[in-house]
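A.B. asks: Can you keep this structure in mind? I'll have questions shortly.
FYI, it's all coordinate maths here, none of it is from the lab. Please read all numbers here as calculations on a predicted model, not as lab measurements. Backbone-built Cβ (ideal geometry, glycine too); neighbour counts: all protein chains shown.
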Amino acid sequence: MAAERSTGHCSARAAIAGNPSDMYGGAVVAVPVRSVAASVTVVASEAFELPGLDRSPSTIDELDNVVAASGCGTVQPLVAATLIALWRRLDADISPVSVEVSTAIPRGVGFAGSSAIVIATIRALVQRQPGTTWARLLGTDPWVLAATALHAETSVLGIAAGMQDRLVQSLGDNAFMDFSHRSTATDSSDSGRFRLLGPLPGAAFVAFRSDDASDSGAVHARADTSTTSFDTAKAGLARAAHGAATAIDAYDARGLGIAMDATFDLRASCMDLDPAHVEMVHTARSQGAAATYTGSGGAITVLCTDRDHASATAARLRNDLGCQILPLPWTEARTTWRGTR
């Protein structure tokens, strides 16, 4: 029996190493940012009442026809796209609902806020109709959940995206992900492999500038993927992801810092980066920390030796650049690390 009201949640995500090679056949390590999340509540209704849609279809196949003819709306297109992805991909006969969206994830700074809304929507719908075949599948298989979320953005909305964000958000845990099957940013193939990782060594946090957002699609569109330098960087980024996973397995903060720094340096060698975003990395590095982009720009992931080092580095980023800080789960390293420089 369908619940009258249910709510799904999904946290933000931060890349640690390897990004953006996951968009081009590489590998990445990423972690959830549990301090900020998106929430979606669905309430039983006589018809589908979705943000931004002028019409209120009474069945999911009618909603599919509306979306095919008029699109997903402009207010919250991710919600309509999610319902359509469930219908088209898993034949999910979803009962009519009204939808409320709330998110604390800063937008446009590389925290995967869009995919968080999609996954939160799916989780709310799974809670509402738990006995259905599609809901049981989505509730037990994180890969299917991530692939369905990817389908909503790539196939329904036409957004260039990959599995990284959606998979780590579906898993809700630190993960190494290998997408060596994937060759281009427009290849929406959802195959690959992953493994869960332990907690981060050292002291980690993310810093962002909310007044300096960027469009991830535009960032990737500017990259010239046909050059030899891009191919070299892509291979190096994948190696950095493998190195980061190995370092996390060994609780080796120094090795993880090296992989993070290499990730940023390789990105800078082949992509046009916003000077304001680069400044955040350089400021963290001036404190002896390792740092790299959290996503496509606007936020960085920072690794320090211990709590005191992290506190001093975060204070420098706040005071000099006006950054906001979000913590990441971490554990003390078993080996001493005095920085990568």
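A.B. asks: Rounding to the nearest 20 debye, state how big the charge dipole of the chain is about its Cα centre with +1 on each Lys and Arg Cβ and -1 on each Asp and Glu Cβ.
C.D. replies: On the way: 27 positive and 34 negative charges, 187 e Å.
Around 900 debye, computed over the chain.
A.B. asks: So what is the relative contact order of the range 5-196, in percent, for Cα pairs below 8 Å that sit 6 or more residues apart?
C.D. replies: The normalised contact order for the range 5-196 reaches 30 percent.
A.B. asks: Please tell me the relative contact order of the chain in percent, rounded to the nearest whole number, where contacts are Cα pairs under 8 Å and at least six residues apart.
C.D. replies: Values: 793 pairs, mean separation 77.5, N = 341.
RCO, the chain: 23 percent.
A.B. asks: Now, a different point. With r as the distance between the Cβ atoms of residue 58 and residue 315 and R0 = 41 Å, compute the FRET efficiency 1/(1 + (r/R0)^6) and round to 0.05.
C.D. replies: Taking R0 as 41 Å, the efficiency between residue 315 and residue 58 is 0.15.
A.B. asks: Taking the Cβ of residue 87 as the centre, find all other residues whose Cβ is under 12 Å away and add up their charges (Lys, Arg: +1; Asp, Glu: -1).
C.D. replies: After counting each charged neighbour, the total is -3.
A.B. asks: Under 1.5 on a/c is rounded, so check that first for the range 200-331, then, if it is not, pick prolate when a/b is larger than b/c and oblate when it is not; a ≥ b ≥ c are the square roots of the alpha carbon gyration tensor eigenvalues.
C.D. replies: Here the range 200-331 falls in the oblate category.
A.B. asks: If you put +1 on each Lys and Arg Cβ and -1 on each Asp and Glu Cβ, how big is the dipole of the range 5-196 around its Cα centre, in Debye rounded to 20?
C.D. replies: Value, rounded to 20: 540 debye.
A.B. asks: Can you give the calculated 222 nm mean residue ellipticity of the chain, where each DSSP H run of n ≥ 4 adds -39,500 (n - 2.57) and the sum is split over every residue, rounded to the nearest 500 deg cm²/dmol? Before the final figure, lay out the partial values.
C.D. replies: Details: 11 runs with 141 residues, N = 341.
Helix-only estimate at 222 nm: -13000 deg cm²/dmol.
A.B. asks: Find which of 125, 169, 300 sits farthest along the positive direction of the dipole of the chain, computed with +1 on the beta-carbon of Lys and Arg, -1 on that of Asp and Glu, about the Cα centre.
C.D. replies: My answer, from the dipole projection, is 300.
A.B. asks: Ok, one more. Length gain on complete extension for the stretch residue 272 to residue 308, per 0.36 nm per residue less the alpha carbon to alpha carbon distance?
C.D. replies: 9.6 nm
A.B. asks: Shape of the range 5-196 from its Cα gyration tensor (a ≥ b ≥ c, root eigenvalues): rounded if a/c is under 1.5, otherwise prolate when a/b > b/c, or oblate?
C.D. replies: Verdict is prolate for the range 5-196.
A.B. asks: Ok, one more. Ranked highest first by average number of other Cβ atoms within 10 Å, how do 165-177, 196-208 line up?
C.D. replies: Numbers: 165-177: 24.2, 196-208: 22.2.
So the peptides 165-177, 196-208, ranked by packing, come out 165-177, 196-208.
A.B. asks: I would also like to ask the following. Please report the antiparallel percentage of DSSP beta bridges with both residues in the chain, rounded to the nearest 5. Let's see the in-between values first.
C.D. replies: On the way: 41 of 44 bridges.
Taking every DSSP beta bridge with both residues in the chain, the antiparallel ones total about 95 percent.
A.B. asks: Here's something else I'd like to know. For the range 5-196, what proportion of DSSP beta bridges, expressed in % and rounded to the nearest 5, is antiparallel?
C.D. replies: 95 percent
A.B. asks: If I build a Gaussian network model for the chain, linking alpha-carbon pairs within less than 10 angstrom, which residue out of 284, 312, 116 has the largest mean-square fluctuation?
C.D. replies: Top of the fluctuation ranking is 312.
A.B. asks: Further question on the same structure: Please give, to one decimal in nm, the separation of the simple spin-label points placed at residue 44 and residue 227, each 7 Å out from Cα toward the Cβ.
C.D. replies: Calculated label separation equals 5.9 nm.
A.B. asks: For residue 91 and residue 180, calculate 0.36 nm times their separation in residues minus their Cα-Cα distance, and state this gained length in nm to one decimal.
C.D. replies: 29.1 nm
A.B. asks: A further question follows. Can you tell me the dipole magnitude for the range 200-331 around its Cα centre, using point charges on the Cβ only (Lys, Arg +1; Asp, Glu -1), in Debye to the nearest 20?
C.D. replies: That gives a dipole near 200 debye.
A.B. asks: Continuing with this model, one more query. For a protection proxy built on the mean count of beta-carbon atoms within 10 angstrom, sort 154-162, 41-49, 69-77 highest first, please.
C.D. replies: Peptide ranking by packing, descending: 154-162, 41-49, 69-77.
A.B. asks: Quick one: grab the alpha carbon gyration tensor of the range 100-183, order the square roots of its eigenvalues as a ≥ b ≥ c, and give me rounded if a/c is under 1.5, else prolate or oblate depending on whether a/b is larger than b/c. Display every interim value, and only then the final one.
C.D. replies: Details: a/c = 1.57, a/b = 1.20, b/c = 1.31.
It comes out oblate by the Cα gyration axes.
A.B. asks: Roughly what would the spin-label model give for residue 250 and residue 7, points 7 Å off Cα along C-beta, in nm?
C.D. replies: 4.4 nm
A.B. asks: Could you check the spin-label model distance between residue 70 and residue 286? Points 7 Å from the Cα along Cα→Cβ, value in nm.
C.D. replies: For the pair residue 70/residue 286, the computed spacing is 5.3 nm.
A.B. asks: Antiparallel versus total DSSP beta bridges in the range 200-331: what percent is that, nearest 5?
C.D. replies: Working: 14 of 16 bridges.
Here the antiparallel bridges make up roughly 90 percent for the range 200-331.
A.B. asks: Still on this model: Kindly provide the trypsin sites (Lys or Arg not before Pro) of the range 241-336 that DSSP labels as loop, not H, G, I, E or B, and whose Cβ sees at most 11 other Cβ atoms within 10 Å.
C.D. replies: 334
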